[in-house]
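Since the structure comes first, as structure tokens, the remarks are kept for the end.
The values are calculated or read from the model by the stated rules, or taken from the named source; none is laboratory data. It should be emphasised that the depicted structure is a prediction, and the values quoted were computed from it without experimental measurement. Note: ideal-geometry Cβ built from the backbone for every residue, glycine included; neighbour counts use all protein chains shown. Keep in mind that these areas ignore ligands, DNA and RNA; they rest on the heavy atoms of the full protein, side chains included. Shrake-Rupley method; radii C 1.70, N 1.55, O 1.52, S 1.80 Å.
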Amino acid sequence: MSETGGEGWGQSGNPTSVFAYEGHQGPEEGGMKNEGEMRKGEEGQGREEDEDYDSPPERQIVVGICSMMKKSKSKPMTQIMERLCKFEYITVVIFPEEVILNEPVDKWPLCDCLVSFHSKGTNERFPLDKAVEYANLRNPLLINDLNMQYYIQDRREVYRILQEEGIDLPRYAVLTRDPDRPEECNLVEGEDHVEVNGEVFPKPFVEKPVCAEDHNVYIYYPTSAGGGSQRLFRKIGSRSSVYSPESCVRKTGSYIYEEFMPTDGTDVKVYTVGPDYAHAEARKSPALDGKVERDSEGKEIRYPVMLSAMEKLVARKVCLAFKQTVCGFDLLRANGHSFVCDVNGFSFVKNSMKYYDDCAKVLGNMVMRELAPQFHIPWSIPMEAEDIPIVPTTSGTMMELRCVIAIIRHGDRTPKQKMKMEVRHTLFFELFEKYGGYKSGKLKLKKPKQLQEVLDIARLLLAELGQHTDCEIEEKKGKLEQLKTVLEMYGHFSGINRKVQLTYLPNGQPKASSEEEEGPKEGPSLLLVLKWGGELTPAGRVQAEELGRAFRCMYPGGQGDYAGFPGCGLLRLHSTYRHDLKIYASDEGRVQMTAAAFAKGLLALEGELTPILVQMVKSANMNGMLDSDSESLTDCQQRVKARLHEIMQKDQDFTEDDYQKLAPTGSPSLVNSMKIIGNPVRTCDQVYALIQRLTSQIRKRLEDPKSADLQLYHSETLELMLQRWSKLERDFRNKSGRYDISKIPDIYDCVKYDTQHNSTLGLEDTLELFRLSRALADIVIPQEYGINKPEKMDIAQAYCLPLMKKIQLDLQRTHEDEAVNKLHPLYSRGVMSPGRHVRTRLYFTSESHVHSLLSIFRYGGLLDEVKDQQWKQAMDYLSAVSELNYMTQIVIMLYEDNNKDPGSEERFHVELHFSPGVKSCEDEENVPLGFGFRPASAENQEKQTNQGSLEDLSQDEPDRALPLSELVSIRRSPMIRNRKTGSMEVLSETTSGSSSKGASYRLFPSCSRQSPEIKPTGLGFEGCSMVPSIYPLETLHNSLSLKQVDEFLNAVCEDSSDAHAKTMKALSVLFDTSSQGYGQAHTYPPPKALSSSETPVRPPTHPLCLNSGPPSTVSSAGPSSPTSVNPSNPAIHFSFSE
């Protein structure tokens, strides 16, 4: 072993150890001793003890690692021991393998605490007997009990202990082939079953050798499925099992036979560090196809998973029953229950910096707690305050954070594109019938097989139409060609970026305008809508992950080093079972991938997004809770759209009457846009001319050989870019010269995308096109969600009533004393506050839902802005926000004041926060300013002059949020990386001068991947593109009572009986999906309604009717709930299709 000297943390200043691994050890780390150091320690034991008595602080606690070299020098052991050495009084010593194998135990190094475990070496087995002898001789503190490790080597003993502890395991029987015990060897084999000692196991069943070291596990299949068996073995290269045609069980050796558990192809591996910490990962089951899924670095792909409350108790029981502090075991999740099928003993997680940090902290604290007192080492036990998420309220009292609810719109995406055509061919009707379209009159086709059938029909019809030349046929041909071209893109089908919708029209399609001369053809037809594009971009992934990482800072302890001693924070809450997190997403691919990227940042996860998505994001396709059918407009929406189109078709400057009609709420953002536009038709003329100029420039570029093969952002080509703009040029102005106002959001969508991502092309006039189309979009998009307040409420309720009801349930259940999702107090020693949870519910959804939810808060009568000054300021701020961009967030936070009477209205305190999402081009100067995140109470006048300050997130404040007196007041300081903490990068704010004047602060002010010296311009860099930063959260109100919010939500939800029926139906579906043992629905009595007040809201950025506008997901937040919707299988309703 190489030796590198390094000073430890002993107070005498002398080096405390020598590092036994290769590589550099910093001067402030402890270290691991090599063999020579150990021998010296042995010789000088008596002298050291005397010295310790005189100067206790210099006494080091020696942790010995006694295992085979392959294990003691493994990456996880190295990483964890390096971190353990950072404890001031801990030194690590590694027992060399030759000493363990060849020396008597009285010659082994001395240690105070022993980490020792059985394993196979390269050539020899670990001598467990000698380790037991050493432990009896020296009596060190044992991290993992040694005698129990004999039991772990025998699967029969493992199952016996699990059964005695009342832990669920698959039904099993033991076949022992022992001449001395013939009664345990009764095996009757049938064609499709075996009978073991009277217990019958129909195929499929599992056959396991009783020796735990033997990994040759066989699974036998029934003849109805083809028979044969799958033979599992310890991984060799990229294989972990092979299929065999052999259907007969083995005739020699002793085995356990157990029923096969249907787990959907996933195994869960759980790793405990003591009874109160567990890390869980899922992997593809080796029984599935035997191919090991590996990442780009050749490591097996593992998915991070959350454990249910029952699974956490199982982890605790396993750890205690087998007396193994560090212990790995396998869980099978099947039929709504979890079963333990194997206990592996000492086992570390591989490749997780977060786990290495946590494991070292837990073990270090454990060692110090047990041994510090007897060695007279000063060490304070972390107090309970460490574990409770306490924060200062705006009035100065301390409250506990109980719940966070967030509704969040998806990140940056490619432009959405759409084509409609009426079809009458028999083949389309046959396809419609084949997939059950007549049941509802609508059909969505997203699967590769379905899209292939549509493509086949298009090809066939084009071949048939080839001979005809008449005008109508030519138009049809053009659309069929486009259908074929889009479906043939990429060379393969992926449901995330293409879908076809068919709607049955009993009398054909009515003519769209009076200009059309011919009436509709008689007889039924199908409206075919082809949608493509709208994929989350790399920039969108970065935005979501950064926001997730920054979101941690809302939780007490999230600042600074999350694993800092004695630290807490969101990640510690999560690992110690006190963070109840549920993530929901609509069924659109971009929304789901945003949710996965956010989860990755929030929980410091590593690896690809797909595994995180499959395991952690519930696709909430539950009767419109997060999805909306934008093709089906309500009567109110149809009327609003018609009125909007009428006003926007006037070829004259807007009159006072127009301002009254179009902006009755007086919203500054609307009024400003109307002033920029002046004459809507003339502005549309300008926009049309600019689009023509743009397509002309792109065509010229295509003719230039140098740029013909130019790759644009996200692998787009100039050809595809031209197709995008040419289609808009054709669709925006019809033959009569009238403009299709519904295309405005699409134009804005495209120019926003190209301005941000393809600015290197240097196309002329794109900024002018951006400015004009944005002004038009800032009217059309929000006003399609209602022009006046009653319309806004009507449309908002149609969109998001199920979501509102769910938020109400989340808030209500947070403070109900439910057993679900809480640790049992009897099992919770070591977790200072086992019953205290922070519940987080994250809803990732479309732009329509965010607009609608914001409308409900603004116009539903939550507060009276005449009586409430803070609410009036919030409404003024929202009225000035022109766009709800990507990553818009609405956040609801619930706090509990434990000093108040449980029945008091002051016991629970609700705060409402909002961010308009990503910064747009040239936004910096015109952005409306709010009052910061969690400003001081209204009595504190200082906040009036200190709008929008930022918290200094670089301060290392482990468990409490910063006291109000310490909050730093700055405006727009650049976001930088503070440091790396394991795998987690901490976002921080830097400031040249800090002032404690202000009582409000900015939370994650601008989550952008920009270095501090780069001025944020709204453009970021991602390849040739840049990643814009995100506006900080602004507090809309910070002194609401839960009763107030509850009564408001109840009044809104009860407002329409039809809407309420829809809600209850959605919720019943919601809770049906979680009925697999993880969550229960409880009815919630409706409280009284509240008085109403109105305030204006800016509507969405997309015309709902055409579903073709700008981004389609927004975020809002609310309290998390203990018992609502606990998806036992996170992949339920999972779909890549939209």
(message) Sort Arg693, Arg424 by heavy-atom solvent-accessible area, probe 1.4 angstrom, most to least.
(response) Arg693, Arg424
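As a quick test, which of the pairs Lys476/Lys706; Lys312/Lys354; Lys806/Lys867 have an alpha carbon distance above 24 angstrom in this structure?
Lys476/Lys706; Lys806/Lys867
Quick one: ranking Met793, Met875, Met310 by accessible area, 1.4 Å probe, largest first, what do you get? Present the calculation step by step, with values, prior to reporting the outcome.
Values: Met793 30, Met875 0, Met310 125 Å².
Result of the area sort, largest leading: Met310, Met793, Met875.
Output the pairs from Lys477/Lys499; Lys618/Lys743; Lys439/Lys477; Lys120/Lys208 with a Cα-Cα distance over 27 Å in this structure; if there are none, say none. Before the final figure, lay out each step's value.
Details: Lys477/Lys499 20 Å; Lys618/Lys743 33 Å; Lys439/Lys477 30 Å; Lys120/Lys208 20 Å.
The answer is Lys618/Lys743; Lys439/Lys477.
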(request) Run the quick spin-label model on Lys675 and Asn788: label points 7 Å from Cα toward the beta carbon, then report their separation in nm to one decimal. (result) 2.5 nm
(message) Could you give each residue of segment 157-168 its phi-based ³J(HN,Hα) in whole Hz, using Karplus coefficients 6.51, -1.76, 1.60 with θ = phi - 60°, and x for Gly or Pro?
(response) 5, 4, 5, 5, 5, 4, 5, 4, 7, x, 8, 5
(message) Filter Lys479/Lys700; Lys479/Lys735; Lys479/Lys531; Lys661/Lys789; Lys70/Lys317 down to the pairs with a C-alpha to C-alpha distance above 19 Å, please.
(response) Lys479/Lys700; Lys70/Lys317
(message) Using a 1.4 Å probe on the protein heavy atoms, what percent of the accessible area of segment 411-459 belongs to carbon and sulfur?
(response) 55 percent
(request) Keeping all protein chains in position, work out how much accessible area Leu878 exposes to a 1.4 Å probe, and write it in Å² to the nearest 10. (result) 0 Å²
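What does the highest-first list of 728-739, 182-193, 363-374 look like by mean Cβ count within 10 Å? Before the final figure, lay out each step's value.
Values: 728-739: 15.1, 182-193: 12.5, 363-374: 17.7.
Going by the mean number of other Cβ atoms within 10 Å, highest first, we get 363-374, 728-739, 182-193.
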(request) Please list 747-760, 679-692 highest first by mean number of surrounding beta-carbon atoms within 10 Å per residue. (result) 747-760, 679-692
(request) Give me the lysines in straight-line cross-link reach of Lys203: C-alpha distance below 19 Å, same-chain residues under 8 apart excluded. (result) Lys251
(request) Any chance you could run the full-extension gain for Asn136 through Ser380? It's 0.36 nm times the residue separation minus the Cα-Cα distance, nm to one decimal. (result) 84.9 nm
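Quick check: from the Cα gyration tensor, does segment 84-173 come out rounded (a/c under 1.5), prolate or oblate?
prolate
Identify the GluC sites (Glu not before Pro) of segment 88-151 meeting these criteria: DSSP loop state and at most 14 other C-beta atoms within 10 Å of the C-beta.
Details: sites: Glu88, Glu97, Glu98, Glu124, Glu133; in loops: Glu88, Glu124.
Here the sparse-neighbourhood loop sites are Glu124.
Per the 1.4 Å probe, what fraction of the accessible area of segment 736-792, in percent, lies on carbon and sulfur atoms? Let's see the in-between values first.
Details: 690 of 1440 Å².
In segment 736-792, the share of accessible area belonging to carbon and sulfur is 47 percent.
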(request) Taking amide H positions as placed in the peptide plane 1.01 Å from N, state which residues far from Leu1036 in sequence (5 or more) or on other chains have amide H under 5 Å from it. (result) Leu912, His913, Phe914
(request) Could you tell me which of Ser707, Gln723, Ile741 has its Cα farthest along the dipole of segment 678-760 towards the positive end, charges placed at Cβ (Lys, Arg +1; Asp, Glu -1), taken about the Cα centre? (result) Ile741
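Pull out a ≥ b ≥ c, the square roots of the eigenvalues of the alpha-carbon gyration tensor of segment 651-722, then state rounded if a/c is under 1.5, prolate if not and a/b is larger than b/c, and oblate in the remaining case. Could the numbers behind the result be given before it?
Details: a/c = 5.69, a/b = 2.70, b/c = 2.10.
Prolate is the answer for segment 651-722, as a/c is 1.5 or above and a/b outweighs b/c.
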(request) Step through the residues of segment 856-873 one at a time and calculate ³J(HN,Hα) from phi using the Karplus curve (6.51 cos²θ - 1.76 cosθ + 1.60, θ = phi - 60°), rounding each to whole Hz and writing x for Gly and Pro. (result) 5, 5, 7, 10, x, x, 4, 9, 9, 6, 5, 8, 10, 5, 5, 5, 5, 4
(request) Quick one: what are the phi-derived ³J(HN,Hα) couplings along segment 673-678, Karplus 6.51/-1.76/1.60 with θ = phi - 60°, whole Hz, x for glycine and proline? (result) 5, 5, 5, 5, 6, x
